[in-house]
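Below is one structure, written out as structure tokens, with a few remarks after it.
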Amino acid sequence: MKITVELYGASRDFSAKSFIEINLANNSKIKDLRKELMKFIDNHHVGNKNFRELVKAAAFCSDKNEIIHDDYVISKEQKIAIIPPIGGG
Amino acid sequence: MIHCNILDVKKEKINISKAQKFIASSKCGASLFFMGTVRNENNNKKVTGITYDSHDGMVKKSFQEIYEEAKKKFKFETIVVFIEHAKGYVALGETSVLIAVACKHRKEVYEVSRFIIEEIKKRTPIWKKEHYEGKETEWLKGSPVVKQ
């Protein structure tokens, strides 16, 4: 299934678009999505430690504006936002 | 009572008179306005502006939650809150966030205003990209979001 990962903050530098598309097996978990994002970084931004650190530290947010934990099962194709460490205000 | 919003600065600027109108109440004897502005230096670099990015849905939800928590925590008779945060490029000296609070007494507005800005810093998904002299830019490192 296709997951659209919406990019925010420093993760916007992952792509020229505001999102990236990741293919996941059905009923994958957020931790699987994180692994696929690591692969994306390794393929598209070779050796970029900052991007890898960002993916490691990021939270994820469902299309219902809820923070979802690593064991959350992604049951359908959907948009998921990556939430890098925050620092607004 | 709360008003909260995230403003795209290309379309609308943060406006203190809007906040004044919203929090005005004959029940409240104290009003406090906190404004965050872009300052000219950070980490020994000369800052010319900041681009703010936000997850709008989560930001509004977070503002509402912080307000509800303030009501529970302080149990003051009246708490009126106005929060607006900028999104997009904000130049040096311009306002990035406005928090206006009205309560019955002055001690209360200080406590509520401080609580709100500290909680925004901790948990509201807003990111800052600083622009420096010489056109260099940098996303600021923040703190990981903790699930409430």
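Each value in this text was obtained by applying a stated rule to the coordinates, not by laboratory testing. Just so you know, these numbers come straight off a predicted model, no measurement behind them. No Cβ is skipped: glycine too gets one built from the backbone with ideal geometry, and neighbour counts run over all protein chains shown.
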Count of the stretch B:118-135 residues which are touching a residue at least 24 places away in the same chain (Cβ under 8 Å), closer than 17 Å to B:R39 by Cβ and not aromatic (F, W, Y):
6
Do you know which residues across the stretch B:138-148 are loosely packed, with under 13 Cβ neighbours inside 10 Å and either without any contact (Cβ under 8 Å) to a residue 40 or more places away in the chain or away from chain A (no Cβ under 12 Å) (or both)?
B:S143, B:P144, B:V146, B:K147
Can you find a residue that is assigned to a helix (DSSP H, G or I), crowded, with 19+ Cβ neighbours inside 10 Å, more than 10 Å from chain A (Cβ to nearest Cβ) and not β-branched (V, I, T) anywhere in the stretch B:114-137?
no
Quick one: which strands (runs of 3 or more DSSP E) lie wholly within chain A and hold at least 2 residues that are without any contact (Cβ under 8 Å) to a residue 24 or more places away in the chain, away from every other protein chain (no Cβ under 14 Å) and aliphatic (A, V, I, L, M)?
A:19-23
